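Following: one structure in structure tokens, then a few remarks.
The values are calculated or read from the model by the stated rules, or taken from the named source; none is laboratory data. This is a predicted model, so every value here is computed, not measured. Note that we place each Cβ from the backbone using ideal geometry, even for glycine, and neighbour counts take in every protein chain shown. Side chains included, ligands, DNA and RNA excluded: accessible areas come from the protein's heavy atoms. Shrake-Rupley method; radii C 1.70, N 1.55, O 1.52, S 1.80 Å.
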Amino acid sequence: MCFAQQLLLAFLACIFFFKYLKIIWKARSLPPGPTPFPIIGNLWTISFNMYPDIFSKLAKLYGNIYTIWLGQTPIVVLHGYQAVKNGIVTHSEELSGRPVSSFMYDITAGKGIAVSNGHNWKQQRRFSLMTLRNLGLGKRGLESRIQEEARCLVESFAAQNGKPMDASFFIYHSVASVISAVVFGHRFTIDDISFQKLVEGNSYLVQSLGSNWGRVYDAFPWLIKHLPGPHWKTFKNKTYLDNFVKQEIRIHQENGPPEEPEDLIDHYLAQIAKTKDEPDSTFHMENLIQVVIDLFTAGTETTATTLQWALLFMLAHPDIQEKIHKEIDAVLEESSDVTYEDRKRLPYTNAVVHEIQRFVNIAGVGILRRNTKDVVLDGYSIKQNTMILPNLDSVLHDSQYWETPHKFNPNHFLTKDGSFKANEAFLPFSAGHRVCLGEQLARFELVIIFITLMRAFSFHLPEGVTEVNTNYVVKITLQPHPYKICANPR
């Protein structure tokens, strides 16, 4: 080995050594955790991904608040209901920030609601929540839209004549049509090519955000954004989504402002005109595009995925499916549409819907937050702008609040006499200032669509298939493996 090579190796060794010393020095004031490697931190420890099981194992070793390192960046993990509640509820304001150096942040450019911060986030969230309420969120108007889509979904299933089918596309279309009516003012037909491309682009975006490559990007954004890789296809798909929304906005602008705003784009364009002379206004076209994408993605991905899990668990637990059928037959009239209020008369079915959300927990460990101020968590002083991960999976599987946390058990939500009971550790939509904006819409959709399907069909495995795979696939949500299902009319 020549002297120049020796010098280079010595130089690299020094860099690794000083990087490691920097991590050790920084870790002094943080909660304990696994020893990080130089440069990559604990990426190797967590297998370059956010698997819930890995985080549970780390909590057994280090307690309910511990630190992992994503490259050179520390992440304080909150584990279990009490630790998470202390973080996102007790210190809701302090833990309302999002990381400003991540794959998701670069995709959105910090616009919209999901990943934005400060004044921009507060204005966009407040306006979007108010607009959703004006458009009927939680009211009869929006409920009728969901009922219409549920009827269309029944027709799509019935058209398969009991043959094995992949129900995911039909479910995704129905759920997407509900949020499309809210943001765009219209639904898409199931064979609409532009809609299919929208679904494909959105699905790829979701998949890449939860991928191993996404974690590497989060660890080294300063490096990866300048290198070739699959992230560039993600940005390309995001550009397609942007252009799709721009076209919808152009159509609204060409039609002119209606007498009464009919969708989110109408409301937002009116808000842009209203606040154009306000110096601190964040209402502009870039934010409008991202708000629409945020709502469309959140309003389709989570609910559609939960419904796919729901049907899968009906295959895995035919005894539970039979109990649901008996309860529905005894309570509901065959000719009437299912309403959200019907859940109160169907305690067992309502408990199953809640248990599906709890058990599969499609949010996984949840989305990273950032503390906007110094904060004390469980005795540890966490400096401002530290990444914090409230592990939602650990809340929904906390043995102190769930009798059989790792078993699918609707009795978690039932009293001894069969009445429905709530549980304070049921936080599938998170909590605090960053609670899911579309929680109420998702609740309505899950109840109405699931009960409508269960009233209309009996679900079975295809002939020759004897096992149900209930393991998950990690994307930005935890999704079921692809499966086929037979829907036989009742």
Cβ-defined net charge surrounding residue 413, 9 Å radius [Lys, Arg +1; Asp, Glu -1]: +1
0 to 90° range, to nearest 10: angle between helix 231-255 axis and the chain longest Cα axis: 50
Among 436, 73, 480 - extreme Cα towards positive end, dipole of the chain, charges at beta-carbon: 73
Under 13 Å, Cβ to Cβ, from residue 199 - net charge with Lys/Arg +1 and Asp/Glu -1: -3
Taking N as its residue count, the alpha carbon Rg of segment 165-279 over 2.2 N^0.38 Å: 1.33
Net charge of Cβ neighbours under 13 Å - reference residue 386; Lys, Arg +1; Asp, Glu -1: +4
Acute angle (nearest 10 degrees) that the helix 439-456 long axis makes with the longest principal axis of the chain, alpha-carbon atoms: 40
Estimated translational D of segment 214-284 in µm²/s (Stokes, Kirkwood radius over Cα pairs; 25 °C; 0.890 mPa s): 162
Cβ crowding within 10 Å averaged over residues, with 398-408, 180-190 ranked highest first: 180-190, 398-408
Rg to Rh, two decimals, where segment 298-390 supplies the alpha carbon set and Rh follows Kirkwood: 1.19
Stokes-Einstein D (µm²/s) once Rh is taken as the Kirkwood radius of the chain over alpha-carbon pairs, at 10 °C in 1.306 mPa s: 66
Values of log10 I(q)/I(0), in the order q = 0.15, 0.17, 0.28 Å⁻¹, for segment 275-330 under a Debye, Cα-only, solvent-free model: -0.63, -0.70, -1.01
Between 0 and 90°, nearest 10: helix 347-360 axis offset from the chain longest Cα axis: 30
Which of 463, 327, 322 is most accessible, then next, and so on - probe 1.4 Å: 463, 322, 327
Estimated dipole of the chain in Debye, rounded to 20 [Cβ of Lys and Arg +1, of Asp and Glu -1, Cα centre]: 1760
Whole-number Å³ per residue for the convex hull built on Cα positions in segment 57-203: 202
Residue 424 paired with residue 134, simple spin-label distance in nm, labels 7 Å along Cα-to-beta-carbon: 3.7
Residue 458-residue 416 pseudo-label distance in nm [points 7 Å out on the Cα-to-Cβ vector]: 3.4
Normalised per residue, the volume of the convex hull around the Cα set of segment 332-480 (Å³): 151
Difference of contour (0.36 nm per residue) and Cα-Cα distance, residue 262 to residue 169: 30.8 nm
The chain, accessible surface, carbon-and-sulfur percent (1.4 angstrom probe): 55
Lysine pairs meeting the criterion (Cα under 30 Å, 8 or more apart or interchain), as found in segment 146-292: 17
Where the chain is the region considered: accessible area per residue in Å², 1.4 Å probe: 46
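With Kirkwood's inverse mean 1/r over C-alpha pairs for Rh, give me the Rg to Rh ratio of segment 123-213, two decimals please.
Result: Rg/Rh = 1.03.
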